[in-house]
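Following: one structure in structure tokens, then a few remarks.
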Amino acid sequence: MSTTGQDVLSVRDLRVWYGTERGAARAVDGVSFDLRPGEILGLVGESGCGKTTLGRGLLGLLPRGAFVDGDVTFKGKPMPAVASKEYRALRGAELGMIFQEPMTRLNPLMRISEHFEETVRAHHPGVSRERVRHAALEVLRVMGIPPTRYRSYPHEFSGGMRQRLTIALALVLRPAFIVADEPTTALDVLVEAQIIKILADLRREFDTSLLLITHNLGIVSEACDRVAVMYAGRIVEIGDARQVFRSPQHPYTQELLRSTISLSTTGLSFIPGSPPDLVDPPAGCRFHPRCPHAMRVCATQAPVPLEVAGGQRVECWLHGPESQVPPGGGEPLHVREELSVADEA
Ligand code: SF4
């Protein structure tokens, strides 16, 4: 990972919400983080916590009816408006996206060579076919796809190879920042391992920064430099991936890790309840109805983000200065026990 230069991406208080009949659904609600050149940041959390909305919001790929607010700086300059000419010039050339299902990106009627020509010419009209071929073969080499397949059609590739093709397409213009949304979900374990290795190698070959959205904590521990844990539209813990896995500080991160199956798993564990309704989330800390450590203060006041001993930034009253907890606020809330009983009923 490059350690010099400014952050590629700086996100401050980003909010994305959708209008619904019941009110605004706040899918991303005040998210802040930075991404350095060549850094891979894993974004984890249960379904419905806002991970995909955050990734798509950063690339201007939100559906109609989404509202966005906050400051996003890309390479030291404010990100241009999504509808602007400047933004269209950035997308693809400087910003890329790798989707979960490769066939959503590949046209079955077009040869791979045509996909590359279309992608490159969208930003460099008039560039020769030979120059496109040269650039494409370079990224295909990194993806382990032989040059003899350059004129093939997508259906002539296996699922894993198709995903490698979409990564090659996302990389051909050498973007500075890529969002990969569950890029290995549809793949078997062996192919998944290959893709993870490729993603981890990207920084060496291209110095690309990556936001890797995944449910798979094993992937994060292998491929990511840092990890951000998202719950109900907010990043509740962010820090060095190894440090967070070794010593998770937020109760939600602890529960998430506990509920992950690994080779040393001896029993199944799950987090009782489900992520909250984003139209009407719980007051105070949004995790409090499910948190085994909830205190009275958690039910009424939202914790502020604080840096803790391991260097993580955590949003939890357990880590706030005791002086900030109002009198009586530190008493246990015992919501979790009630919730477990209700779940079993
Ligand atoms: Fe649990 Fe309270 Fe921390 Fe929220 S703030 S995670 S409810 S202890």
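Listed from fewest to most Cβ neighbours within 10 Å, the set 197, 51, 77 follows the order 77, 197, 51.
Computed over neighbours whose Cβ is under 13 Å from that of residue 228, the net charge equals -2, Lys and Arg +1, Asp and Glu -1. The stretch between residue 121 and residue 73, if pulled fully straight at 0.36 nm per residue, gains 14.6 nm over its current Cα-Cα span.
Since only 227, 171, 329 are under comparison, the one whose Cα sits farthest along the positive direction of the charge dipole of the chain, derived from C-beta charges on Lys, Arg, Asp and Glu, is 171.
Could you work out how much longer the chain between residue 13 and residue 153 gets when fully extended? Use 0.36 nm per residue separation minus the Cα distance between them, nm to one decimal.
Additional length available on full extension: 46.1 nm.
At 0.36 nm per residue, minus the direct Cα-Cα distance, what do residue 243 and residue 269 gain on full extension? Give it in nm, one decimal, please. Before the final figure, lay out the partial values.
Details: separation 26, 0.36 × 26 = 9.36 nm, distance 2.22 nm.
Extending this stretch completely gives an extra 7.1 nm.
Set the Förster radius R0 to 51 Å, insert the Cβ-Cβ distance between residue 20 and residue 130 as r into 1/(1 + (r/R0)^6), and round the FRET efficiency to 0.05.
On the way: r = 51 Å, r/R0 = 1.01.
For R0 = 51 Å, the calculated efficiency reads 0.50.
Think of it as helices only: each DSSP H run of n ≥ 4 in the chain is worth -39500 (n - 2.57), and spread over all residues that comes to -8500 deg cm²/dmol at 222 nm. Once both labels are positioned 7 Å from their Cα atoms along Cα-to-Cβ, the gap between residue 6 and residue 193 label points is 4.2 nm. Residue order for 270, 177, fewest other beta carbons within 10 angstrom first, comes to 270, 177. Counting only the Cα atoms, the stretch 7-67 fills a convex hull of 85 Å³ per residue. Tally the DSSP beta bridges in the chain and give the antiparallel ones as a percent, rounded to 5. In the chain, DSSP labels about 65 percent of beta bridges as antiparallel.
Once the Cβ-Cβ distance of residue 103 and residue 174 is raised to the sixth power relative to R0 = 22 Å, the FRET efficiency obtained is 0.35.
Beyond 32 Å, the tail of the calculated P(r) for the stretch 9-231 holds 18 percent of the Cα pairs.
Residue 88 to residue 185: FRET efficiency via 1/(1 + (r/R0)^6), r the Cβ-Cβ distance, R0 25 Å, to the nearest 0.05? Efficiency at R0 = 25 Å is approximately 0.30.
When only C-alpha pairs under 8 Å and at least 6 residues apart count, what is the relative contact order of the chain, in percent?
Dividing the mean separation by the residue count of the chain yields 19 percent.
Classified by the C-alpha gyration tensor, the stretch 39-90 has an oblate form. Its axis ratio a/c, with a ≥ b ≥ c, is 1.5 or above, and a/b does not exceed b/c. When the square roots of the Cα gyration tensor eigenvalues are ordered a ≥ b ≥ c, the ratio a/c for the stretch 169-212 is 1.5 or more and a/b exceeds b/c, which makes its shape prolate.
Convex hull volume per residue, computed on the Cα atoms of the stretch 98-186, equals 90 Å³.
Taking the Cα centre of the chain as origin and assigning +1 to Lys and Arg Cβ atoms and -1 to Asp and Glu Cβ atoms, the resulting dipole is close to 1300 debye.
No value in this document is a laboratory result; all are computed from the given coordinates. Small disclaimer: the values here were computed from a predicted structure and weren't measured. Virtual Cβ from ideal backbone geometry, glycine too; neighbours counted across all protein chains shown.
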